[in-house]
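Before any comments, here is the structure.
Read-outs throughout are calculated quantities, based only on the coordinates presented, and are distinct from any laboratory measurement. Not measured: the values here are computed from a predicted model. Cβ sites come from the backbone with ideal geometry, for glycine too, and all protein chains shown count toward neighbours.
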Amino acid sequence: MGSKKKVVLVGCGGISNAWFIPSKEFDDMEYVGLVDINVKNAENRRKEHSLGDDVVVSADLGDVLDKTRPDAVFDCTVPPAHCEIVTTALSKGCHVLGEKPMAETMEQAAIMVKAAKDNNRIYAVIQNRRYDKNIIRFRDVVRDDIGNLTTLNADFYIGAHFGGFRDEMDHVLLIDMAIHTFDQARFISGKDPVAVMAYEWNPPGSWYKHGASAACIFEMSDRAVFSYRGSWCSEGMNTTWECDWRAIGEKGSALWDGAEKVSGEVVVGTEGFSREKKPLQVGDAQELRFKGHGGLIRDFLDAMDNGIPPQTTCEDNIKSLAMVHSAVRSAETGTKVPIEY
Ligand SMILES: NC(=O)c1ccc[n+]([C@@H]2O[C@H](COP(=O)([O-])OP(=O)(O)OC[C@H]3O[C@@H](n4cnc5c(N)ncnc54)[C@H](O)[C@@H]3O)[C@@H](O)[C@H]2O)c1
């Protein structure tokens, strides 16, 4: 364990609890400041998590950075604020770990990647679904047991009645949710996106204003294809939030229900209409030291000591963000869109 890192957390809303709770386990960090444009939210979090009166609370990030000189900033603000918060923190010499999605536009994301490089600091993005023991188990089966991956499918069907901003926003499924699934697809396949053809619709009876359902076909590197079907206004027979997955390789196929169940079959026969198959013996999932947000925060803190970048650095995560924005553009234009980042 390295030296104790001073941390300022910005944006003390709903998701910040998913940061405060696991970070209590880490002796090598301490909060020195909390920032929120609604100062009351920061005061409440300081109290709820017993952080002590010496933790500075303010609405002004620049002021808190000057007063506390932290090693790192955690950005839990809303997407329109991410670019300014992250670039301000990087320019003050802080490493940054921030909430998904990186930015609202690819232009902003490029500015953030450049700021991390220019200031020689880490900027990594939370993709908590990578820190799940079962996705790792599925990824290992896909990588090791079914031969060269040709096809990956994900289904996401949830009837989610959030209320609030999601009901009113455009492209709600692609912009607010699909980043998780698209990043999972990159993690599972180990492949990068090349192009996308997307169709988006708002089904009759939808309680959202726009784009509650979408279907996307991605060309990935090595000629693999990733298909996504999703809906946030799908009542009954819901999938998990982690999706229902099928992976097809040259020697067999594997399934994951997004929860505990990973299974597969590989071909062993060489003759007949339907070749003989045998079920894969899928081992138990290995327990993780820290899961979800806690896993990523741990890797981020370690990276500040050992220089080993977390897996979701901005240079990597911009590829998942590009899948989202290219899918939106494809849905809007009705054309196949190359994915650039
Ligand atoms: N990883 C996940 O599974 C997951 C889940 C939910 C939300 N999120 C992401 O977390 C982020 C925050 O979502 P939330 O649900 O906590 O939203 P929220 O609205 O509950 O909280 C956001 C907080 O940020 C504050 N804020 C807004 N702009 C600010 C600024 N410029 N400076 C300082 N504070 C500012 C708000 O006052 C509010 O307290 C979003 O990017 C969202 O996509 C991630």
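Farthest toward the positive end of the dipole of the chain, out of Thr87, Ala115, Val8, is the Cα of Ala115, where the dipole comes from beta carbon charges about the Cα centre. Each 5 Å bin from 0 upward holds the following percent of the Cα-Cα pairs of segment 1-123: 2, 12, 23, 25, 20, 12, 5, 1. If I build a Gaussian network model for the chain, linking alpha-carbon pairs within less than 10 angstrom, which residue out of Asp316, Asp257, Asp305 has the largest mean-square fluctuation? Fluctuation is largest for Asp305.
Volume per residue of the convex hull around the Cα atoms, evaluated for the chain, comes out as 150 Å³. Per-residue ellipticity at 222 nm from helix content only, as computed over the chain with -39500 (n - 2.57) for each DSSP H run of at least four residues, stands at -10500 deg cm²/dmol.
Here the calculated FRET efficiency for Ile111 and Leu255, from their Cβ-Cβ distance with R0 = 51 Å, stands at 0.80, rounded to the nearest 0.05. All distinct Cα pairs of segment 159-266 go into the 1/r average, and the inverse of that average, the Kirkwood radius, is 15.0 Å. For segment 195-257, the list of GluC sites (Glu not before Pro) that fall in a loop by DSSP and count at most 14 other C-beta atoms within 10 angstrom reads Glu235, Glu250.
As a proxy for reagent exposure, ranking Trp207, Trp256, Trp245 by other Cβ atoms within 10 Å from fewest up yields Trp207, Trp245, Trp256.
Please build a GNM for the chain, connecting alpha carbons under 10 Å apart, and tell me which residue among Ile179, Ile111, Ile318 fluctuates the most. Answer for the Gaussian network model of the chain: Ile111.
Based on C-alpha pairs under 8 angstrom that are at least 6 apart in sequence, the chain has a relative contact order of 19 percent.
In terms of other Cβ atoms within 10 Å, Ser263, Ser234, Ser16 run from fewest to most in the order Ser263, Ser234, Ser16.
Does segment 210-257 classify as rounded, prolate or oblate by the C-alpha gyration tensor (a ≥ b ≥ c root eigenvalues; a/c under 1.5 gives rounded; else a/b over b/c gives prolate, otherwise oblate)?
Oblate, because a/c is 1.5 or more while a/b does not exceed b/c.
Equivalent-ellipsoid semi-axes for segment 194-341 (Cα gyration tensor, √(5λ), whole Å, largest first): 28, 27, 19.
Taking each residue as 0.36 nm, the span from Lys24 to Ala195 lengthens on full extension beyond its C-alpha to C-alpha distance by 57.4 nm.
I'd like to verify something in the chain: which complete DSSP H helices, judged by Cα projection on the helix axis, reach 20 Å or more and average at least -1.0 on the Kyte-Doolittle scale?
Numbers: long enough: 292-306 (21 Å, -0.29); 314-333 (27 Å, -0.11).
Answer set is 292-306, 314-333.
When Met237, Met29, Met304, Met323 are sorted by how many other C-beta atoms sit within 10 angstrom of their C-beta, beginning with the fewest, the order is Met237, Met304, Met29, Met323.
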